[in-house]
Amino acid sequence: MSAVLKETPRLAPMREADLAEVAAAESAIYSHPWSRGNFADSLRARYQCFTLRSGGELIGYFVLMVAAGEAHLLNLSVAAAHQRRGHGAGLLEDVMRLARAGGARTLFLEVRPSNVGAQALYRRFGFRRVGLRRGYYPASAGREDALVLSIAL
């Protein structure tokens with residue numbers, strides 16, 4: 001009997017060369033995805049942009065902005081083929097570690113009320129609702145509000 005060894009997923013800074021694949025993954029999981037340009041702008045702004053890969057395959061990614069003692073999670077996504085395997089939680093742990101290392105005392109994020117899976121993940125980590133942004137997200141029937149969540153780091 002032989003054991004199949006799987007490569008441990010590795011977190012690495014997102015590069016320009018990753019953008020087409022990241023944008024394709026984003027388009028596959030969201031009805032109103034970020035564009036390649038949104039990710040490119042985040043790289044140019046020097047936000048903390050990371051990918052998670054295993055054996056070269058994209059598992060997930062995130063975009064984090066840290067400034068003035070606060071962090072804002074702009075995007076955290078897991079590729080469709082890798083969802084429901086704990087990768088979102090692992091990425092969120094990485095986000096929180098990097099935010100703390102950057103001097104942030106609080107981490108903020110927005111989430112769609114319709115994204116119950118993400119809300120459950122954030123609740124498990126201890127995030128609390130601190131606000132509501134009306135009409136924040138584009139939606140198939142107009143706009144969708146955003147729940148604003150935060151956690152003390």
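The values are calculated or read from the model by the stated rules, or taken from the named source; none is laboratory data. In this text, all values refer to a predicted model and were calculated from it rather than measured experimentally. Here the Cβ is made from the backbone with ideal geometry for all residues, glycine too, and neighbour counts use every protein chain on show. In case anyone asks, the SASA skips ligands and DNA or RNA and just uses the protein heavy atoms, side chains included. Shrake-Rupley method; radii C 1.70, N 1.55, O 1.52, S 1.80 Å.
Okay, here's what the table says:
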| read-out | value |
| --- | --- |
| Simple label model, 7 Å out from Cα along Cβ direction - Asn38 to Arg123, nm | 2.5 |
| Segment Ala101-Ala28, extension gain: residue separation times 0.36 nm, minus the distance between their alpha carbons | 23.1 nm |
| Protein accessible area in the chain, 1.4 Å probe - carbon and sulfur % | 51 |
| Listed residues Gln48, Gly86, Ala67: farthest to the positive end of the dipole of the range 47-152 (Cβ charges) | Gly86 |
| Accessible solvent surface per residue of the chain, calculated while the other protein chains remain in place, 1.4 angstrom probe, Å² | 57 |
| Debye, to nearest 20: dipole size of the chain, +1 on Lys, Arg Cβ, -1 on Asp, Glu Cβ | 460 |
| Option label - semi-axes √(5λ) of the Cα gyration tensor in Å computed here, alternatives (i) 22, 18, 16; (ii) 32, 18, 15; (iii) 24, 19, 17 | (iii) |
